[in-house]
1. Which count do you get for residues in the range 171-203 that are in contact with a helix residue (DSSP H, G or I) (Cβ under 8 Å, 6 or more places away or on another chain) and either part of a helix (DSSP H, G or I) or closer than 19 Å to GLU254 by Cβ (or both)?
2. Out of SER75, SER27, SER132, SER109, which single residue is modelled with pLDDT under 90 and of a type outside the set (Val, Ile, Thr)?
3. Residue check: is GLU95 among the charged types (D, E, K, R), surrounded by fewer than 22 Cβ atoms within 10 Å (Cβ to Cβ) and under 21 Å from LYS186 (Cα atoms)?
4. Of everything in the range 195-237, what is farther than 20 Å from LEU77 by Cβ and open to solvent by 30 Å² or more (accessible area, probe 1.4 Å)? Give them in sequence order.
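The values are calculated or read from the model by the stated rules, or taken from the named source; none is laboratory data. Keep in mind that what you see is a predicted model, and the values were worked out from it rather than measured. All Cβ positions, glycine included, derive from the backbone under ideal geometry; neighbour counts span all protein chains shown. Side chains included, ligands, DNA and RNA excluded: accessible areas come from the protein's heavy atoms. Shrake-Rupley method; radii C 1.70, N 1.55, O 1.52, S 1.80 Å.
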Amino acid sequence: MAVDEFELIRHYFSDLGNDKSGSVRLSVGDDCAIIAPPAGYNLVVSIDTMVEGTHFPKGTPGDKVASRLLGAALSDLAAMAAVPACFTLALTLPETDTVWLKAFSARLSELASQYGVRLVGGDTTRGPLTLSIQVHGWTKPGKALLRSGAQPGDRIFVTGTLGDSRGGLETVLKHITGEQVPYLQKRFFNPEPRLDTALLVSDFATSAIDISDGLLADLNHILMASKVGAMLHPTELPVSQSLYRWVGEKQAREWALGGGEDFELCFTVPLLAEPKLAWALREHDVAVTCIGQITEAPGIVLAEEGKVWSVEPQGYNHFSEKGVNR
């Protein structure tokens, strides 16, 4: 049975998530939302778009799409050490598939409640499956983490493990089964924005970015903005046992460097602040690993067993790749 635009919004999206900050004055149902930022905070805004066949395979269930969509968007807020507040959603659907919509909205609601964000508005239209989500958050003036603050001598850190999402995508595209597959596919479909980690490291970090296009490509954004270079130690790259067991050390390292869409954080910290960082993270349940240091010389080099060689900061590019259908 067909559902019109307004019934679709009312039924699936009228009361989704929560607002821990109490800043939402008017939510879904009017021409605009009304948001009142907390006193003494700045508003930060980011938008992400996901297209079926580019960011997720065709036929992906609605709950998995919701997990990728909101997790990836909130990761941008984490990269700036922002506290999530609310989001808007633009949803383009080829048809009103009620089974897909129910799964999508239920999972989106679950995650929105988990992360303390509220849907405050959006739009629906007909066309190829495309989803755009704009997230809003708060930071105190001068406290947002930027890409431009890295200094020579700073240590480079990453959260979690790298390369898992690329491995998960491979298992989906090639219909691979096995012991390691569920974990890797979970890492692809269910990114975990490192919001709490970002707040813990924000007092020590000089720059930060989330890893969406691949470690080399995203670290290079920091280097370009900060006008510095980097030396990485490949043996220090955090790789999960699941990925290592499935593809071996060489491929795991390659995906850790350039696989993309891990949505982990990469950030820099002055050498003298490392002990304070370690103390702040002493009871934190997300791994944080030092993988190299910032250098004065531009570019990225890898160092291993006394050998040093330069690498190109290649990563995913929407206008030079074919997405998940490649």
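1. The number of residues fulfilling the criteria is 18.
2. Working: SER75 fails: modelled with pLDDT under 90; SER132 fails: modelled with pLDDT under 90; SER109 fails: modelled with pLDDT under 90.
The match here is SER27.
3. Working: among the charged types (D, E, K, R): yes; surrounded by fewer than 22 Cβ atoms within 10 Å (Cβ to Cβ): yes; under 21 Å from LYS186 (Cα atoms): no.
So GLU95 fails the test.
4. Within the range 195-237, ASN220, MET224, LYS227, MET231, HIS233, THR235, GLU236 meet the criteria.
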